[in-house]
Amino acid sequence: MGNCCSNADRSPDNYKKNTITSDEDQEIVRFFMVGMGSAGKSTIIKQLQKLCHLRPGDYQMYDDEWQPITHSFKEHELLRWRKIIRRNIIDALHILYKQAENWGQALIDTEAKDFADYIFTAEGIAPNWEQEEDLGKKLLAFFNDNTIQDTYDKRAQMTGELQITDGTLYFLNEPKIRQVFLQTYSPTDDDILHARDPTTGITDYRFSINDMKVMIHDIGGQKVERAKTVNYINNWVSADRQNYRNFILYVVSMPEYNIQHPVHVGLTLFDESLKMLELIMELQPVQNCGVMIFLNKEDIFKDKMQRCKDLPEVRRETIKYLGKYMDKGDRERLQNTGEYNYKSMRKCLASKVAHVATSDKLKRNKGTYHKYTCAVDSKLMDTLFGAIRNEITTAIVDQASWIP
């Protein structure tokens, strides 16, 4: 990314001195962005970078000294993303293979079976997978095996650690797999937008949206990073200045409402995310920060809701985890027929978040605010960023109350 971001020593103790900027006058809106590892935080950053390219009159990137920079990928960065995308696809196919085995389903094509036994070892993916001759063709033959296709069609029933990341679904089709494994393949902006590359540590980004300057401090959502979040936030707030307006930007993955936690029985990944949100909301320094919650991946959530009609298991889990927030009539209709009102289901999910975000025990001095988002949709996110900019500049966000 060149100088578009900074990931210098961001340990909690050093954070304050490392986030001083040279701009003393103009108001700067600061976001501390946090969420679980699969929430889609990095996609939001990549979307802003893409909009800088598509709409240079409205979006601009800056370096650490607020000097304008151009976002473009160098050749070595494109090569890195190509490897990441190829690995995303192989990891997803490996998950489908393991799930098929768990369901007692064997591959039908013997060549696909032999290839799977080679490329998917007991330790994971074969270390020399990149050197495999005709890799793309063999992966495509494996993906087209009837057993793998059947497993893919039932992916909404996959639980625990056997989950395909949402962005990878974009690549799991014949034309895309064929394209990605060509020797001449170079990732497009949309490819990079959907690729999964977990954030580690904390990284600072600087943008302007029209004339509003924005700093985004993105902390990794992996477990080892989450353990440092409280210290990071305390030090981030202590680096406040008169021209700063501070917001916590918490990103939640909507479709994780029914995904079982791999360790904690009875909890979902969505429940874990809400526990993290609760911890952050209760921090004393956060009471004086605006809180903006992105209910992200609405497109995947909508797709999962549609599967309630055909997959009784998804229907049962939806009632199990969201039923208490549903009207009695809506709950009975979903249970008996699989029919539902999408806006009502979306509101149920928001109500579950609101139970934490608007708790009576919080003594907040600033507003708590939420938006439904789809971070991979450039048009939608452009509209969203514009709305947020208008609402921030008119101070609506500071006084916002939660309306599911």
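The values are calculated or read from the model by the stated rules, or taken from the named source; none is laboratory data. Values in this document were obtained by computation on a predicted structure and should not be read as measured data. Note: ideal-geometry Cβ built from the backbone for every residue, glycine included; neighbour counts use all protein chains shown. SASA here: full protein model, heavy atoms, side chains in, ligands and nucleic acids out. Shrake-Rupley method; radii C 1.70, N 1.55, O 1.52, S 1.80 Å.
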Quiz item: Residue by residue, what Karplus-based ³J(HN,Hα) values in Hz, rounded to whole numbers, does the range 351-359 have, using 6.51, -1.76 and 1.60 with θ = phi - 60° and x for Gly and Pro?
Solution: 5, 5, 5, 4, 4, 8, 6, 10, 4
Quiz item: Of 113/304; 46/304; 213/379; 83/379; 275/352; 41/366, which sit over 19 Å apart, Cα to Cα?
Solution: 113/304; 46/304; 213/379; 83/379; 41/366
Quiz item: How far is helix 41-54 tilted, in degrees, relative to the longest principal axis of the Cα atoms in the chain, given as a value from 0 to 90 rounded to the nearest 10?
Solution: 80
Practice problem: Could you state how much accessible area residue 307 has, in square angstrom rounded to the nearest 10, with a 1.4 Å probe and all protein chains kept in place? | Solution: 50
Practice problem: Diagonalise the Cα gyration tensor of the chain and give the resulting equivalent ellipsoid semi-axes, square root of 5 times each eigenvalue, largest first, whole Å. | Solution: 36, 28, 18
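With an 8 Å Cα cut-off and a minimum separation of 6 or more residues, compute the relative contact order for the range 294-343 in percent.
Numbers: 29 pairs, mean separation 18.0, N = 50.
This gives 36 percent for the range 294-343.
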Quiz prompt | Overall Cα dimensions of the range 55-170, principal axis frame, Å, largest first | solution = 57, 33, 24
Self-check item: Loop-resident sites, the range 44-146, for trypsin sites (Lys or Arg not before Pro), counting at most 15 other Cβ within 10 Å (DSSP)
Solution: 74
Self-check item: Nonlocal amide H pairs with residue 244, under 5 Å, H built at 1.01 Å
Solution: 28
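Taking only C-alpha pairs under 8 Å that are 6+ residues apart, what is the relative contact order of the chain in percent?
Details: 609 pairs, mean separation 90.4, N = 404.
Once normalised by length, the contact order is 22 percent.
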Practice problem: Taking the Cα centre of the chain as origin, sum charge times position over the Cβ atoms of Lys and Arg (+1) and Asp and Glu (-1), and report the length of that vector in debye to the nearest 20. | Solution: 1260
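By average Cβ neighbour count within 10 Å, what is the ranking of 262-271, 286-295, 59-68 from highest down?
Details: 262-271: 14.7, 286-295: 21.5, 59-68: 16.5.
Top of the packing list down: 286-295, 59-68, 262-271.
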Quiz item: Given H placed on each backbone N at 1.01 Å, which residues far from residue 209 in sequence or on other chains put an amide H within less than 5 Å of it?
Solution: 214
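If R0 is 45 Å, what FRET efficiency do you get for residue 150 and residue 380 from their C-beta distance, rounded to 0.05?
Numbers: r = 32 Å, r/R0 = 0.72.
The calculated FRET efficiency here is 0.90.
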Quiz item: R0 = 35 Å: FRET efficiency of residue 179 with residue 387, Cβ-based, nearest 0.05?
Solution: 0.50
Quiz item: What is the helix-to-structure angle for 312-322, meaning the angle in degrees between its Cα long axis and the longest Cα principal axis of the chain, kept from 0 to 90 and rounded to the nearest 10?
Solution: 20
Exercise. Considering Cα pairs under 8 angstrom that are at least six residues apart, work out the relative contact order of the range 237-323 and quote it in whole percent.
Key: 35
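As an exercise, find the ratio Rg/Rh for the range 256-327 from alpha-carbon atoms, using the Kirkwood inverse-distance average for Rh. Kindly include the intermediate steps, with their values, before the conclusion.
Numbers: Rg = 14.9 Å, Rh = 14.1 Å.
Answer for the range 256-327: 1.05.
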Practice problem: Give me the number: length gained by fully extending residue 188 to residue 87, i.e. 0.36 nm times residue separation minus the C-alpha to C-alpha distance, one decimal in nm. | Solution: 34.7 nm
Quiz item: Mind listing the phi-derived Karplus ³J(HN,Hα) values for the range 268-281, rounded to whole Hz, using 6.51, -1.76 and 1.60 with θ = phi - 60°, and x for any glycine or proline?
Solution: 9, 5, 5, 4, 4, 5, 5, 5, 5, 4, 4, 4, 5, 4
Self-check item: DSSP bridge pairs, the chain: antiparallel proportion in percent, nearest 5
Solution: 40
